[in-house]
Amino acid sequence: MNPQGLVELRDLVKVYATGDVEVRALDGIDLKIDEGEFVAVMGPSGSGKSTLMNILGCLDRPTSGHYFLGGDDVARMNADERAEIRNARIGFVFQNFNLLSRTSALENVELPLIYGRQGYGPHERAEKAMSMLAKVGLTGREKHNSSQLSGGQQQRVAIARAIATQPRLMLCDEPTGALDLETGRQVLELLQLTAGRDGRCVVVVTHNSGIAT
């Protein structure tokens, strides 16, 4: 394990300019997350959660400070380098699943494998996607479209898609927000399992105080 931790933020600052007014969305954040950790980021609207998620996900750059991912200072990378990091090292799970509605569960999970640089052929992609769906308990649902799946099953497909490229970091934005209490609990248990079983770092942004306990 990298002595810095998988994720390390050092004096991270993000400032937005609105006219003549500067808004410090993040102000000197220090954070270290090791492999296998499950971390909940909480706070009211406007507290900087989304800004932090965008920087961790290489969708934005800090105004100053450092963001190390696996020892690499992502904050200093250009847009193309950050895009490569997103594809190879980071998986995303969203509140509203973001699945292609007329596409099967299998094909949804195959998407990052098609656009990645691993060089999988069609047969390899299908096998990999089926393996990921099995990991999230969806064996037998591979050919079902989103409309044929429950909300919990759709979120499981989204998790399978997120882990298909074997990312070291998973970023989850309100992953239980569209689910009922029991289904949300099952999804959280699955996310915690992928952290512990696969040594993956999972960061969940949420308003739900129950996730942090």
Given the conditions (1) among the polar types (S, T, N, Q); (2) surrounded by fewer than 18 Cβ atoms within 10 Å (Cβ to Cβ); (3) part of a helix (DSSP H, G or I), and given that N96 satisfies all but one, which numbered condition is not satisfied?
-> (3)
Only unsatisfied item for Q148, checking (1) surrounded by 14 or more Cβ atoms within 10 Å (Cβ to Cβ); (2) closer than 20 Å to Q186 by Cα; (3) not basic (K, R), is (1)
In segment 110-127, what residues are surrounded by 14 or more Cβ atoms within 10 Å (Cβ to Cβ) and over 10 Å from A160 (Cα atoms)?
-> L111, P112, L113, G116, Q118, Y120, R125, A126
Neighbours by Cβ (under 7 Å, 6+ apart or cross-chain): first from segment 61-87, over 19 Å from I29 (Cα atoms); second in a strand (DSSP E or B) = I85/L69
Is it true that some residue in segment 25-44 is surrounded by fewer than 16 Cβ atoms within 10 Å (Cβ to Cβ), assigned to a helix (DSSP H, G or I) and basic (K, R)?
-> no
Find the residue count for segment 152-205, including only residues that are part of a helix (DSSP H, G or I), over 17 Å from E110 (Cα atoms) and within 14 Å of the chain's Cα centre (by Cα).
-> 7
Filter result for the condition that a residue is surrounded by 13 or more Cβ atoms within 10 Å (Cβ to Cβ) and closer than 18 Å to I159 by Cβ, over E107, E84 = E107
Give the number of residues within segment 110-140 that are of a type in the set (D, E, K, R), farther than 20 Å from R156 by Cα and free of Cβ contacts under 8 Å to residues at least 24 places away in the same chain.
-> 1
Tally the residues that are basic (K, R) and open to solvent by less than 60 Å² (accessible area, probe 1.4 Å), restricting the search to segment 45-76.
-> 1
Out of all the residues in segment 178-188, is one or more within 20 Å of V41 (Cβ to Cβ), open to solvent by 10 Å² or more (accessible area, probe 1.4 Å) and without any contact (Cβ under 8 Å) to a residue 24 or more places away in the chain?
-> yes
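For every residue, the table says whether it meets (1) closer than 22 Å to M53 by Cα; (2) out of contact with any strand residue (DSSP E or B) (no Cβ under 6 Å at 6 or more places or on another chain); (3) modelled with pLDDT of 90 or more.
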{"position": "A129", "(1), (2), (3)": "no, yes, yes"}
{"position": "A134", "(1), (2), (3)": "no, yes, yes"}
{"position": "T139", "(1), (2), (3)": "no, yes, yes"}
{"position": "K143", "(1), (2), (3)": "no, no, yes"}
{"position": "G151", "(1), (2), (3)": "no, yes, yes"}
{"position": "T183", "(1), (2), (3)": "no, yes, yes"}
{"position": "G199", "(1), (2), (3)": "yes, yes, no"}
Across segment 101-131, which residue is farthest from S146 (Cα to Cα) among those that are of a type in the set (S, T, N, Q) and not in a helix (DSSP H, G or I)?
-> Q118
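The values are calculated or read from the model by the stated rules, or taken from the named source; none is laboratory data. Because the structure is a prediction, the values reported are computed rather than measured. Please note: Cβ atoms are built from the backbone with ideal geometry, for glycine as well, and neighbour counts cover all protein chains shown. SASA here: full protein model, heavy atoms, side chains in, ligands and nucleic acids out. Shrake-Rupley method; radii C 1.70, N 1.55, O 1.52, S 1.80 Å.
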